Amino acid sequence: MRVIGLMSGTSYDAIDAAAADLTIDGDRLLLSPLGLITRGYDEELRTALGGALPPAATTLADVCRLDTRIGQAFATAAGEADRELCDGRAELVASHGQTVYHWVEDGQVHGTLQIGQPAWIAEATGLPVVSDFRPRDIAAGGQGAPLVSIVDRMWLRGRPGAPAALNLGGIANITAADGTAFDTGPANALIDAAVRELTRERLTCDVDGEMAARGTVDEGLLGVLLGEPYYARPAPKTTGKELFHLPYLRAALAGYEALAPQDVVATLTRLTARTVADAIRSVYASEVIVSGGGTRNPTLMAFLRAELGSGIPVRTSDELGLPSAAKEAYAFAVLGFLTAHGLPGTVPESTGARHASVLGSITPGRAGVRVPAPEGGGPVRLVVDGQGR
């Protein structure tokens, strides 16, 4: 089946559309990558979205407008991916949508909201769309995240030792060899917020880690930041920009106003590296396979390698055949494929759910929905581009 996976992460800067041919072969799921296109939100939409995210107040009218406009933007990206990557022969779209709220209280997730109305995608492409992946896991008592854990677990199965997969997006999350998975805390979320604030929106992120590379880590501020209770909570756990946002950062910086901007950014980059490294050590990982936008920040990657030392090698997912920029979009293509085949898309020990669940809702395409029969117990290994391990 030829599937397009659509993803926009917590940095809400662009839509990634990755296409893949997916085939079940016994206990293996074969994934042949067909490529990635990335389309940025237009500035007006990005500003409107940023203005509606927590802790800002918003209205149902704003939510309705954003749901429509983001759905239209996803539809455009899906149509381009079908034409440019699939020669117009895509069979399914899997759309994560845009997370705008993840309702967490006292470590328990009660609900989540991803917007980007899938009807626009189905109408524009004529294809069935799987969307709204997270709520079913939450209804089953899970955290609704990290959902990529099932893909990571299949993908890393058979590698020697105890490998862990790490994604560095706005929020960082890991999946360990034993199925343990959780959000470690901020990856780029606080770094991006600081850069926007300190440059008065001249920059939106620390391009190539340049600001952090020029700065010096302030140990006092780092100690304040490390005091966040979230880091000490046991897995499974999940977090987002409902916690790690600009007002949170401003409160942490009280008393550190004299710090140079580059020192603030260096300290936040070290915070990400430290909290991620602590999480990796807690699951006794023998190696780390990293993906996501954070891999493009050489200062962050250098800090992470320094925190882990030589005993835990750090590699990017590119080395294993999955482009780091596209891995999450490919992961949701896999999740959509599993749903279309009636197969579960969660690992209970990763999300804390009572049981595994078939995820999402299906919006029919022009030809309706033809759901293949489930393939036995489903695949347990993910093989990229037909290369077994």
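The values are calculated or read from the model by the stated rules, or taken from the named source; none is laboratory data. Bear in mind the structure is a predicted one, so any value in this text is a computation, not a measurement. Ideal geometry is used to build each Cβ from the backbone, glycine not excepted, and the neighbour counts take in all protein chains shown. For accessibility, only protein heavy atoms count, side chains too; no ligands or nucleic acids. Shrake-Rupley method; radii C 1.70, N 1.55, O 1.52, S 1.80 Å.
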Margin query: Scan the stretch 318-333 and tell me whether some residue there is surrounded by fewer than 18 Cβ atoms within 10 Å (Cβ to Cβ) and either part of a helix (DSSP H, G or I) or without any contact (Cβ under 8 Å) to a residue 24 or more places away in the chain (or both).
Written below: yes
Next item on the list: Name every residue in the stretch 276-302 that is closer than 17 Å to Asp206 by Cβ, assigned to a helix (DSSP H, G or I) and within 21 Å of the chain's Cα centre (by Cα), in order of residue number.
Entry: Val276, Gly293, Gly294, Thr295, Arg296, Pro298, Thr299, Leu300, Met301
Notebook entry, point to check: Can you tell me which residues in the stretch 204-244 are open to solvent by less than 50 Å² (accessible area, probe 1.4 Å) and touching a Lys or Arg at 6+ places or on another chain (Cβ under 7 Å)?
Noted result: Val217, Leu222
Next item on the list: Only one of these is over 15 Å from Thr238 (Cβ atoms), among the hydrophobic types (A, V, I, L, M, F, W, C) and buried (at least 24 other Cβ atoms within 10 Å of the Cβ): Ala162, Ala181, Ala176. Name it.
Entry: Ala176
Margin query: I need the full set of residues from the stretch 340-357 which are in contact with a Gly (Cβ under 6 Å, 6 or more places away or on another chain) and either surrounded by fewer than 18 Cβ atoms within 10 Å (Cβ to Cβ) or of a type in the set (Lys, Arg) (or both), in order please.
Written below: Glu349, Arg354
Margin query: Consider the stretch 184-203. How many of its residues are surrounded by fewer than 21 Cβ atoms within 10 Å (Cβ to Cβ) and not in a helix (DSSP H, G or I)?
Written below: 5
Note to self: Looking at the stretch 119-142, can you tell me whether even one residue there is of a type outside the set (S, T, N, Q), touching a residue at least 12 places away in the same chain (Cβ under 8 Å), open to solvent by less than 20 Å² (accessible area, probe 1.4 Å) and within 22 Å of Thr275 (Cβ to Cβ)?
What the structure shows: no
Margin query: I'd like to check which strands (runs of 3 or more DSSP E) are fully inside the stretch 1-82 and have at least 3 residues that are open to solvent by 40 Å² or more (accessible area, probe 1.4 Å).
Written below: 14-25, 28-40
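Okay, residues lined up against (1) assigned to a loop (DSSP other than H, G, I, E, B); (2) in contact with a Leu (Cβ under 7 Å, 6 or more places away or on another chain); (3) more than 19 Å from Glu307 (Cβ to Cβ):
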| residue | (1), (2), (3) |
| --- | --- |
| Pro236 | yes, no, yes |
| Thr239 | yes, no, yes |
| Tyr248 | no, no, yes |
| Ala254 | yes, no, yes |
| Glu257 | yes, no, yes |
| Ala266 | no, no, no |
Notebook entry, point to check: Taking interchain pairs and intrachain pairs at least six residues apart, which have beta carbon atoms under 6 angstrom, with the first residue in the stretch 374-385 and within 15 Å of Leu31 (Cα to Cα) and the second among the hydroxyl-bearing types (Ser, Thr, Tyr) and modelled with pLDDT of 85 or more?
Noted result: Asp385/Ser32
Margin query: If a residue must be among the β-branched types (Val, Ile, Thr), farther than 15 Å from Leu300 by Cα and assigned to a strand (DSSP E or B), how many such residues does the stretch 163-183 contain?
Written below: 2
Checklist line | In the stretch 149-200, the residues that are within 24 Å of Gly50 (Cβ to Cβ) and among the β-branched types (Val, Ile, Thr) | finding: Ile171, Thr184, Ile191, Val195, Thr199
Next item on the list: Please identify the pairs in which a residue from the stretch 38-50 that is modelled with pLDDT of 95 or more has its Cβ atom under 8 Å from the Cβ atom of a residue that is exposed (fewer than 12 other Cβ atoms within 10 Å of the Cβ) and not acidic (Asp, Glu), counting only partners at least 6 apart or on another chain.
Entry: none
Next item on the list: Of the numbered conditions (1) touching a helix residue (DSSP H, G or I) at 6+ places or on another chain (Cβ under 9 Å); (2) within 26 Å of Val288 (Cα to Cα); (3) open to solvent by 20 Å² or more (accessible area, probe 1.4 Å); (4) not hydroxyl-bearing (Ser, Thr, Tyr), Leu253 fails exactly one; give the number of that condition.
Entry: (2)
